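The values are calculated or read from the model by the stated rules, or taken from the named source; none is laboratory data. All of these numbers come straight from a predicted model, not from anything done at the bench. Note that we place each Cβ from the backbone using ideal geometry, even for glycine, and neighbour counts take in every protein chain shown. Accessible surface areas use protein heavy atoms only, side chains included; no ligands, DNA or RNA. Shrake-Rupley method; radii C 1.70, N 1.55, O 1.52, S 1.80 Å.
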Amino acid sequence: QVQLVESGGGLVQPGGSLRLSCAAPERIVRFYPVGWYRQTPGTPRELVISMTGGNSTNYLASVKGRFTISRDNTKSTVLLQMNNLKPEDTAVYYCWARLGVSDYWGRGTQVTVSS
């Protein structure tokens, strides 16, 4: 079983920044597709940003230029840097990884953007 553990969520004012971390097995961080999804009550989970095994990235249009995904192989983590946060970014953020045909998820971390 693959375990993904998110951390770094919290409350931030509009325009502020947060960095989310996802601790994952090293082989996943190094070689497999990874990313971040988010979900608000009553809505489907949506892809925020993802990175293929070859490090190509795919972004939700509304976060392009503000959010960045990266791999920290030394710490076996996947990072999501979020800048210029907006109230509409408020959601539970989930770490995601794909191994073959199987998707794996963390339990989520709450991000709240509010003044």
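Quick notes on this one:
- Taking the numbered list (1) open to solvent by less than 60 Å² (accessible area, probe 1.4 Å); (2) part of a helix (DSSP H, G or I); (3) within 28 Å of S114 (Cα to Cα) in turn, E88 passes all entries but (1).
- In the stretch 56-72, of all residues being within 20 Å of D103 (Cα to Cα) and without any contact (Cβ under 8 Å) to a residue 40 or more places away in the chain, the one that is least open to solvent (accessible area, probe 1.4 Å) corresponds to I69.
- Number of the exception - G53 against (1) outside any strand (DSSP E or B); (2) within 22 Å of Q1 (Cα to Cα); (3) open to solvent by 70 Å² or more (accessible area, probe 1.4 Å): (3)
- Pairs with Cβ under 6 Å, 6+ apart, first in the stretch 92-107 and aliphatic (A, V, I, L, M), second surrounded by fewer than 17 Cβ atoms within 10 Å (Cβ to Cβ): V92/Q39; V92/Q110
- Selection count, the stretch 1-39, where residues are at pLDDT 95 or above and not in a loop (DSSP other than H, G, I, E, B): 18
- The stretch 17-31, subset among the small types (G, A, S) and surrounded by 13 or more Cβ atoms within 10 Å (Cβ to Cβ), residue nearest to L99 (Cα to Cα): A24
- Qualifying residue in the stretch 40-50 (condition: surrounded by fewer than 16 Cβ atoms within 10 Å (Cβ to Cβ), of a type in the set (S, T, N, Q) and either in contact with a Lys or Arg (Cβ under 6 Å, 6 or more places away or on another chain) or over 18 Å from S17 (Cβ atoms) (or both)): yes
- Residue within the stretch 45-53 that is of a type in the set (D, E), modelled with pLDDT of 95 or more and in contact with a Cys (Cβ under 7 Å, 6 or more places away or on another chain) present: no
- Those residues of the stretch 82-108 which are small (G, A, S) and over 19 Å from G8 (Cα atoms), in sequence order: G100, S102
- Pairs where the first residue, in the stretch 9-31, is basic (K, R) and the second is open to solvent by less than 20 Å² (accessible area, probe 1.4 Å), C-beta under 6 Å, 6+ apart: none
- Scan of the stretch 1-11 for residues that are farther than 12 Å from G108 by Cα and touching a helix residue (DSSP H, G or I) at 6+ places or on another chain (Cβ under 9 Å), ordered by number: V2
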